[in-house]
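Before any comments, here is the structure.
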Amino acid sequence: MALSGGVDSVVLLHLLSALAPRLDIELSAMHVNHGLSPQADAWQAFCRRLCASLGIPLEEVRVEVPMAAASGLEAAARKARYGAFARVDAAYIAQAHQRDDQAETLLFNLLRGSGLAGAAAMPAVRPFPGRPGLQILRPLLEVSRDEIASYAQERQLAWIEDESNRDVRHARNFLRRNILPLIQERFPGCDASLARAATHFAEGEALLVQLAEIDARTAMRDGRIVVAEFARLDESRARNLLRHVLKSAGMSMPDSARLREAVRQVCEAAADRQVTIDLGPCMLYRYRGELWLTQPAVMPQAVEWRGEQKLAWGGDVLRFERGVGSGIGMDRLAGQPIRLAPRRGGEHFRPDARRPRRDLRKLLQERGVPPWLRKVMPLLWCGEELVWVPGIGTDCAWQCAPDATGLLPEWVQASGKSQSP
């Protein structure tokens, strides 16, 4: 479980330590030291003593939090913390968020203009992003802060107080200390009502996900949206499907105005027109009747290859393996200057000895390589001769003999896709 040393996490540790033998679970704790407070090391030492007194293993992790992060200090600390959680060897991570936290999260997200997903606040159980098989549990979401404090006091538990929780410059602290008390004074029990509302919003969000999955069965092919089917959906369903695809790809969500404009351009542009839309966190392209979502490309620079097994290529990677009877003939490359460079235009290539040398642009078009990938793909040159093109292969004059050693380049894109022929 995640142990900060505050009263909520101390109570959860105390409860889980009592339940672990009965539930036959192996309990351990992790403390993440963000280094943001002068007391950070003292908090870490407190957690170490607490776990030792309960006989619970503790993993202590120090993280670096960028002080000038564009997303803000709280978000940067959360990102660093979750980066540490992502490396745990466990099936579950228990967190001590409680009902008041849920109410604060709901209000915070509503004030940011969030949709149903944000209004749903924090689920009691959810998959950990990017870690199949790992789940986040929040067993105290229906328990109030006062009930947790009473439990700790009755059992004379010790905990630490984070002085930053009093700093109302942080949005959540402002809501907790200045706004929610006023609302509770006028609407007693509002924390429970807000938490219940978050549950209703979560049900609505689940229905939207189910609707997107239904639409995806007819509107998606090979992980891409088919424009003709997409255009048949009404606007709200089209946006819902696009949000679902973005979320499934692990991409940040653009604002609603940008998403609405993207749907309009995709559906209204002429059928033969290529559409490029900057969604902020990602790029949306319409190509050959399909929608492609990609991370913004990092334009690579030409680089010499000196026998390395791996080379950085913009935001991607080039790998080089050896084989017998396939790839580029190593005997031809020996002693020659070898470089990798992006396309400049006008290149010609001959992968098949039975056919004449052809314009590389036309070869790439025939293979269905999208225009934005053509701009950043690595071409391997030996002197002034084009030797290898990812997705097409090796020029026939440079192909390896059946019993000779060959070089097998592979272009591994940031998305995880690779081009090795």
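A few remarks follow.
- For the stretch 118-123, Karplus couplings with θ = phi - 60° (6.51, -1.76, 1.60), whole Hz, Gly/Pro x: x, 5, 5, 6, 10, x
- Extension gain for residue 258-residue 213 works out to 14.0 nm (0.36 nm per residue, less the C-alpha to C-alpha distance).
- For the stretch 295-306, 3J(HN,Hα) computed residue by residue from phi via the Karplus equation (6.51, -1.76, 1.60; θ = phi - 60°) reads 5, x, 6, 9, 5, x, 10, 4, 9, 7, 9, 10 Hz, glycine and proline entered as x.
- Close amide H partners of residue 225, meaning residues 5 or more places away or on another chain with modelled amide H under 5 Å apart, are 291.
- Each pair of Cα atoms in the chain enters the Kirkwood radius, and Stokes-Einstein at 25 °C and 0.890 mPa s then converts it into a translational diffusion coefficient of 95 µm²/s.
- Unit charges on C-beta of K, R, D, E only; dipole of the chain, Debye: 1320
- Near residue 93, the amide H atoms lying under 5 Å from its own belong to 135, 136, 137; only residues 5 or more places off or on other chains count, and H is placed 1.01 Å from N.
- Farthest towards the positive end of the charge dipole of the stretch 237-386, among the residues 293, 318, 382, is the Cα of 293, using unit charges on the Cβ of Lys, Arg, Asp and Glu.
- Sequence-distant residues sharing a close amide H with residue 29 (under 5 Å, placed H): 58, 59
- Net charge dipole size for the stretch 92-209 [Lys, Arg +1 and Asp, Glu -1 on Cβ; Debye, nearest 20]: 300
- Take every Cα pair under 8 Å whose residues are at least 6 apart in sequence, average their separation, divide by the length of the chain, and the relative contact order is 11 percent.
- Tilt relative to the chain, helix 99-111 - C-alpha long axis, 0 to 90 degrees, to 10: 50
- Length-normalised contact order for the stretch 7-193 - Cα pairs under 8 Å, 6+ apart - percent: 23
- Taking the centroid of alpha carbons for each part, the stretch 112-189 and the stretch 1-77 are 16 Å apart.
- Converting phi to 3J(HN,Hα) with the Karplus coefficients 6.51, -1.76 and 1.60 and the offset θ = phi - 60°, the stretch 230-241 yields 4, 5, 6, 6, 6, 4, 5, 5, 5, 5, 4, 5 Hz in sequence order, with x at every glycine or proline.
- Restricting attention to the chain, the count of lysine pairs at 8 or more positions apart or across chains with alpha carbons under 23 Å apart stands at 7.
Just so you know, all these numbers are worked out from the coordinates, no wet-lab data involved. Fair warning: this is a prediction, and the values are worked out from it, not measured in the lab. We place every Cβ from the backbone using ideal geometry, glycine too, and count neighbours over all the protein chains shown.
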